[in-house]
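First the structure, in the form of structure tokens, and then the observations on it.
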Amino acid sequence: MKQGSRTIIEKVGGHPTGNPAIPAVVLAGDTTEEQFHLRKIFVPPGYFLLIEDPLPIRLATVSRYAVGSGAARELQIGGRLRRSPRGLYRLGPAEIYFQDIFGFTRISIASVATASLKVLPRFRPIEIKEPPRSRLETPDILTRPHRFPTEDHFRFREYAPGDDTRRIHWKLSVRSGRLNVRLPENKEFSTKNVLLVLDSFLAPGQMIADAIGIEEVLDATIETWISLAKQLVEQGDKVSLLAVARNDKAELKPELLHCQKGGHARWQDLGARSCWQARYDLADLLKEVSKDTHAIVLSSRFQSPPQNFDGSSLTWIYLPPQQALGEKDPSLLQSLAGTPTRAFLWLFLLPGPAGSDENSIAAQIRHFSYHYGRLQARQRLRQQARICGDRVLKELIARGDTVYRLEPGAGYHRLIGLSTGRNK
């Protein structure tokens with residue numbers, strides 16, 4: 001249910017409102033709240049009704065609520081989720097129990113309160129900077145000819161011996177450091193069949209099991225994937241999306257989606273259901289690609305790319321995984337306190353309310369060990385992302401395909417041309 005700019009996930013009396021298989025839907029980064037509607041409740045004197053909801057780690061939220069003995073028979077409680085990153089999330093079942101005010105007695109109540117949350121990726125503007133220049137007559141699918149006043153459409157390629165020197169574009173040549181010539185294009189571009197492939201393959205045994213933040217890498221890739229589809233459809237190309245995603249039965253299956261104008265919600269839904277997987281590599285996904293289809297692979301892979309595929313052409317858009325992880329992680333003190341603003345106060349305040357079990361030495365040691373372990377795992381992921389990302393990018397350039405490097409940003413994503421296709 002949506003109220004203004006908030007999306008509210010409701011659970012009523014131990015049971016979710018509506019069908020739990022129908023998730024609440026929100027865009028990545030939107031404000032989202034979890035709410036419990038309690039009806040016909042009775043809390044005995046001297047007791048509290050406590051609710052703890054084990055939320056997924058990516059939501060970065062501790063969901064805990066307490067109801068005293070003087071509460072009304074119908075009550076609504078809830079709180080805001082700290083994060084809403086792209087993906088599918090199963091919330092609950094919540095743990096509900098009575099506890100006396102001294103913490104000596106705990107009486108659990110059976111609960112099946114569950115809900116689902118689907119967070120859709122956002123569309124971002126894409127800037128293509130310095131598309132790779134080619135000696136070939138065929139332009140790259142991501143670019144279009146430039147048009148100057150009183151002139152026809154033009155595209156560019158590197159100067160080759162024997163070319164007419166009158167067609168040298170001197171401004172572009174000075175900027176790029178090599179000679180480029182203009183090629184007049186009197187005909188409009190014919191419609192292209194473009195297949196945008198999301199590479200989410202993560203080979204088993206090649207990635208640490210406790211990788212913290214690896215989903216952030218896939219989030220930026222998926223945003224570019226659907227945003228590029230929107231841009232190409234608006235240019236008049238025939239675009240299809242191909243990815244491995246979870247279906248309604250939670251099975252991982254390749255899905256092919258033909259893009260049409262006005263069908264943006266379906267593209268976002270496929271992006272929300274896509275995830276890292278170790279079952280289908282690119283060779284499995286592209287074996288059915290026809291000769292007249294141009295495949296564009298969006299990848300953040302940690303392992304070497306497969307061998308050449310059958311098909312007319314192939315373009316890589318590669319996101320070095322270390323860029324998606326950001327420049328700096330929070331300190332251990334900030335992780336323990338929850339927010340940077342509370343980091344200093346954490347040294348002087350108890351972690352929980354007076355009398356809470358969280359204030360015990362054992363609980364604080366467990367809390368410290370948990371966050372310390374997560375930060376160490378995050379550092380191991382950063383190290384592997386840096387090593388693997390540099391190696392994979394060099395291997396892609398050496399293949400002879402057209403390669404762009406993806407630079408994710410907060411408001412837009414940028415594609416930097418690195419190499420042009422020599423084997424088309």
Report, by residue number, each residue of the range 260-304 that is crowded, with 22+ Cβ neighbours inside 10 Å and in a loop (DSSP other than H, G, I, E, B).
-> S300, R301, F302
For the subset of the range 45-62 comprising residues that are touching an Asp or Glu at 6+ places or on another chain (Cβ under 7 Å) and not in a strand (DSSP E or B), which member is farthest from A110 (Cα to Cα)?
-> R58
Count, please, the residues in the range 321-360 that happen to be modelled with pLDDT under 75 and part of a helix (DSSP H, G or I).
-> 15
Since P254 meets every condition but one in (1) over 19 Å from the mean Cα position of the chain (by Cα); (2) open to solvent by 20 Å² or more (accessible area, probe 1.4 Å); (3) of a type outside the set (S, T, Y); (4) at pLDDT 90 or above, which condition does it not meet?
-> (1)
Hey, does the range 125-139 have a residue that's at pLDDT 85 or above and either among the hydrophobic types (A, V, I, L, M, F, W, C) or buried (at least 18 other Cβ atoms within 10 Å of the Cβ) (or both)?
-> yes
Filter the range 151-170 for residues that are of a type in the set (D, E) and at pLDDT 70 or above and give the result.
-> E158, D163, D164
Selection count, the range 398-423, where residues are more than 18 Å from T221 (Cα to Cα) and modelled with pLDDT of 85 or more = 1
Would you mind telling me which numbered condition in (1) assigned to a loop (DSSP other than H, G, I, E, B); (2) closer than 16 Å to T114 by Cα; (3) not charged (D, E, K, R) F36 fails?
-> (1)
Out of (1) at pLDDT below 80; (2) open to solvent by less than 30 Å² (accessible area, probe 1.4 Å); (3) farther than 28 Å from Q268 by Cβ, what's the single condition that is false for I8?
-> (3)
Scanning the range 97-111 residue by residue, those outside any loop (DSSP other than H, G, I, E, B) and within 15 Å of G68 (Cβ to Cβ) turn out to be Y97, F98, Q99, D100
Determine whether G87 is under 20 Å from S116 (Cβ atoms) and either over 24 Å from the mean Cα position of the chain (by Cα) or not polar (S, T, N, Q) (or both).
-> yes
Is it the case that some residue within the range 309-320 is in a loop (DSSP other than H, G, I, E, B), modelled with pLDDT of 80 or more and touching a Gly at 6+ places or on another chain (Cβ under 6 Å)?
-> yes
Any residue at all in the range 194-202 that is assigned to a helix (DSSP H, G or I) and either within 39 Å of the chain's Cα centre (by Cα) or at pLDDT 75 or above (or both)?
-> no
Return yes or no: is I212 part of a loop (DSSP other than H, G, I, E, B), closer than 24 Å to A385 by Cα and touching a helix residue (DSSP H, G or I) at 6+ places or on another chain (Cβ under 9 Å)?
-> yes
Answer yes if at least one residue in the range 86-95 is surrounded by fewer than 18 Cβ atoms within 10 Å (Cβ to Cβ), farther than 27 Å from G409 by Cα and in contact with a strand residue (DSSP E or B) (Cβ under 7 Å, 6 or more places away or on another chain), and no otherwise.
-> yes
Do you know which of the residues in the range 31-47 that are among the hydrophobic types (A, V, I, L, M, F, W, C) and either in contact with a Ser or Thr (Cβ under 7 Å, 6 or more places away or on another chain) or over 17 Å from G78 (Cβ atoms) (or both) is most open to solvent (accessible area, probe 1.4 Å)?
-> F42
If you take the residues of the range 237-251 that are assigned to a loop (DSSP other than H, G, I, E, B) and among the charged types (D, E, K, R), which of them is farthest from the chain's Cα centre (by Cα)?
-> D237
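The values are calculated or read from the model by the stated rules, or taken from the named source; none is laboratory data. For clarity, every value in this text was computed on a predicted model and none was experimentally measured. We place every Cβ from the backbone using ideal geometry, glycine too, and count neighbours over all the protein chains shown. Ligands, DNA and RNA are excluded from the accessible area calculation, which covers all protein heavy atoms including side chains. Shrake-Rupley method; radii C 1.70, N 1.55, O 1.52, S 1.80 Å.
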